[in-house]
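The values are calculated or read from the model by the stated rules, or taken from the named source; none is laboratory data. All values reported here derive from a predicted model rather than from experimental measurement. No Cβ is skipped: glycine too gets one built from the backbone with ideal geometry, and neighbour counts run over all protein chains shown. Keep in mind that these areas ignore ligands, DNA and RNA; they rest on the heavy atoms of the full protein, side chains included. Shrake-Rupley method; radii C 1.70, N 1.55, O 1.52, S 1.80 Å.
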Amino acid sequence: MKFISTRGKDVVDCAAAAITKGLANDGGLFVPEYFPDFSDKLETMVELDYAKIASMVIGSYLGEYNQEKLYNACVKAYSTFTENEPAPVVKIRDNTYITELFHGPTLAFKDVALTLLPYLMREGANILGIKEEILILVATSGDTGKAALEGFKNANGIKIMVFYPSEGVSDMQKLQMRTQEGNNVNVVAVKGNFDDCQTAVKNIFSSKQINAKLKENGVVFSSANSINFGRLVPQIAYYFSSYLSLVSSGEINLGDKINFVVPTGNFGNILAGYYAKRMGLPIDKLVCASNSNNVLTEFFANGTYDANREFYKTMSPSMDILISSNLERFIFELCDRDSTKTATIMQSLKSEGKYTISQSQLNLAEDIFFAGFCDEEECLDTINNVFEEDGYLLDTHTAVAFKVCQEFVDYTDNKNSTVVLSTASPYKFAQSVLYALEGKKTADAFKASIKLESLSAFEIPEQIKELKTKPVIFNNTIDRQDVEKSVIDFALKN
Ligand SMILES: *Cc1c(COP(=O)(O)O)cnc(C)c1O
């Protein structure tokens with residue numbers, strides 16, 4: 001299958017090329033030439049295990065990969081999750097379910113893709129005969145960084161460098177990254193927010209000069225952010241598995257439509273849901289849930305995407321994003337896959353910080369998406385209410401989604417079953433979650449975890465416990481302007 005850039009100036013022959021490159025040469029994002037159709041396959045997939053479902057979904061885009069090896073790689077990747085199950089579905093209330101995506105090595109949904117991406121990238125490099133070392137640059141709002149570091153640590157022929165906003169991640173997230181082990185990793189805090197990190201990294205990817213310099217030295221860039229198709233494609237699988245699991249447990253009948261509610265930042269997770277819908281999975285609405293950084297809520301309400309606004313630091317930091325990169329892939333669809341139109345819109349985002357789509361495009365978008373947001377107060381209330389009423393402990397990101405889920409059901413009277421995607425363990429945000437339950441602030445994240453465990457029936461994960469005694473390896477903070485130099489230094493270091 002070919003992959004085309006949303007901006008029209010780059011086409012590659014296969015997924016392996018899209019995955020090893022990460023970003024297209026013209027600054028656009030690679031999208032598949034078409035969406036494989038699974039509508040006739042669903043019935044035969046109901047009783048399959050996760051690795052099998054995942055390898056079928058992923059394999060449908062990755063024809064040049066050996067399918068048996070791909071399946072084995074999925075088995076291996078998902079064996080790092082509790083009970084080999086990356087996406088268990090839990091019933092919360094009538095018609096309302098949660099898919100828990102946080103039982104992997106770093107306790108956030110990013111693990112679902114990042115436990116597999118190293119395989120996809122290495123095998124892709126083999127298929128294409130790429131001899132250069134691959135340097136992966138990551139901008140993170142907290143969770144991608146750690147998940148990518150764990151996935152890629154000690155990988156042959158690959159180095160990884162992660163940038164996170166110095167004051168924009170939770171204590172646990174920061175500690176997870178700063179204690180990272182591995183002989184090919186580097187972690188740097190940047191003064192600024194996630195958008196600053198993401199922009200700096202994207203500029204480096206598309207700089208001809210830097211790319212040429214590294215190539216001379218036998219190094220090429222790639223990305224582990226959701227701008228990389230290799231990050232998105234494993235995420236499509238849990239929309240399928242969630243659906244199939246509701247069929248298999250008799251909660252719905254095959255063919256019934258369901259909704260998904262997704263706590264959204266960079267629009268990667270929910271875009272994977274959109275791709276699943278395009279592949280024939282019976283999805284009615286995709287509900288886009290934002291925190292106080294509600295640029296997407298406004299976009300879906302009035303068709304104007306306007307990033308010129310105050311940036312809020314919230315207790316759901318992985319969603320503190322004003323430039324949602326993956327929206328570009330949906331804009332491309334809204335433009336009927338016209339890359340010239342898409343490029344013009346993205347140029348306007350770059351120069352003005354905003355753009356407006358047409359009324360007919362907005363109508364199309366609203367057919368598929370419902371969008372809402374949840375402020376800090378509502379987030380705390382939701383954690384508290386769901387714990388009291390349902391005995392279920394939500395993390396701060398999933399709470400945002402849960403609140404918007406309720407709003408969606410009240411507002412639209414939609415009667416379909418609805419699945420909320422849970423993206424992180426509450427213990428990654430222990431202080432905020434405890435504050436929601438008790439109304440008291442706790443300075444120490446570990447103390448908060450212990451308290452949280454004693455209040456709830458949910459055990460502290462090992463990954464959190466062991467953080468306490470791990471030595472800090474990275475404590476570097478740099479200015480935005482120095483990101484480029486730090487990348488070149490790391491790239492050229494042996
Ligand atoms: C990354 C992340 C999100 C946002 O996902 P996107 O794909 O960026 O929209 C939500 N919640 C958590 C916990 C995350 O780590």
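For ASN193, the test of being polar (S, T, N, Q), modelled with pLDDT of 95 or more and either touching a Gly at 6+ places or on another chain (Cβ under 6 Å) or more than 16 Å from GLY265 (Cβ to Cβ) (or both) is failed. Take GLN463 and decide whether it is in contact with a helix residue (DSSP H, G or I) (Cβ under 9 Å, 6 or more places away or on another chain), part of a helix (DSSP H, G or I) and surrounded by 19 or more Cβ atoms within 10 Å (Cβ to Cβ). No: the conditions fail for GLN463. Are any residues in the range 56-68 part of a helix (DSSP H, G or I), of a type outside the set (A, V, I, L, M) and surrounded by 15 or more Cβ atoms within 10 Å (Cβ to Cβ), and if so, which ones? Passing the criteria: only GLY59. Report whether or not TYR97 is closer than 27 Å to ILE252 by Cβ and in contact (Cβ under 8 Å) with a residue 60 or more places away in the chain. Yes: the conditions hold for TYR97. Filtered by the rule that a residue be aliphatic (A, V, I, L, M) and within 16 Å of the ligand (Cβ to nearest atom), the range 380-405 gives ILE383, LEU393, LEU394, ALA399, VAL400, ALA401, VAL404. Residues in the range 89-138 that are within 16 Å of the ligand (Cβ to nearest atom) and either assigned to a helix (DSSP H, G or I) or under 19 Å from VAL219 (Cα atoms) (or both): LYS110, ASP111, VAL112, ALA113, LEU114, LEU117, VAL138.
Are any of the residues in the range 394-404 of a type outside the set (Gly, Ala, Ser), part of a strand (DSSP E or B), out of contact with any Gly (no Cβ under 6 Å at 6 or more places or on another chain) and closer than 23 Å to GLU251 by Cβ? The answer is no; no qualifying residue exists. Of the strands (runs of 3 or more DSSP E) lying entirely inside the range 268-361, those carrying at least 2 residues that are more than 16 Å from the ligand (Cβ to nearest atom) and hydroxyl-bearing (Ser, Thr, Tyr) are 354-356.
Taken over the range 432-449, the criterion of being loosely packed, with under 15 Cβ neighbours inside 10 Å and either hydroxyl-bearing (Ser, Thr, Tyr) or within 28 Å of the chain's Cα centre (by Cα) (or both) is satisfied by ASP444 alone.
Filter the range 232-280 down to the residues that are among the β-branched types (Val, Ile, Thr) and either closer than 20 Å to LEU114 by Cα or within 10 Å of the chain's Cα centre (by Cα) (or both) and list them by number.
Matches in the range 232-280: VAL233, ILE236, VAL262, THR264, ILE270.
Please work out which residue is farthest from PHE38 (Cα to Cα), limiting yourself to the range 232-256 and to residues that are within 16 Å of the ligand (Cβ to nearest atom) and in contact with a Leu (Cβ under 7 Å, 6 or more places away or on another chain). The extreme case among them is LEU232. Of all residues in the range 384-430, how many are among the polar types (S, T, N, Q) and open to solvent by 40 Å² or more (accessible area, probe 1.4 Å)? Counting residues in the range 384-430 that are among the polar types (S, T, N, Q) and open to solvent by 40 Å² or more (accessible area, probe 1.4 Å) gives 5.
If a residue must be of a type in the set (Phe, Trp, Tyr), outside any strand (DSSP E or B) and within 21 Å of SER207 (Cβ to Cβ), how many such residues does the range 7-55 contain? So the count comes out to 0.
Within the range 456-479, residues that are of a type in the set (S, T, N, Q) reach partners that are surrounded by 13 or more Cβ atoms within 10 Å (Cβ to Cβ) and assigned to a loop (DSSP other than H, G, I, E, B) with beta carbons closer than 8 Å, at six or more positions or on different chains, in the pairs SER456/LEU393; GLN463/PRO105; GLN463/THR106; GLN463/LEU107; THR477/SER166; THR477/LYS191.
Checking each residue in the range 71-114 for being among the small types (Gly, Ala, Ser), in contact with an Asp or Glu (Cβ under 9 Å, 6 or more places away or on another chain) and either at pLDDT below 95 or within 14 Å of THR423 (Cα to Cα) (or both) picks out ALA87, GLY104, ALA108.
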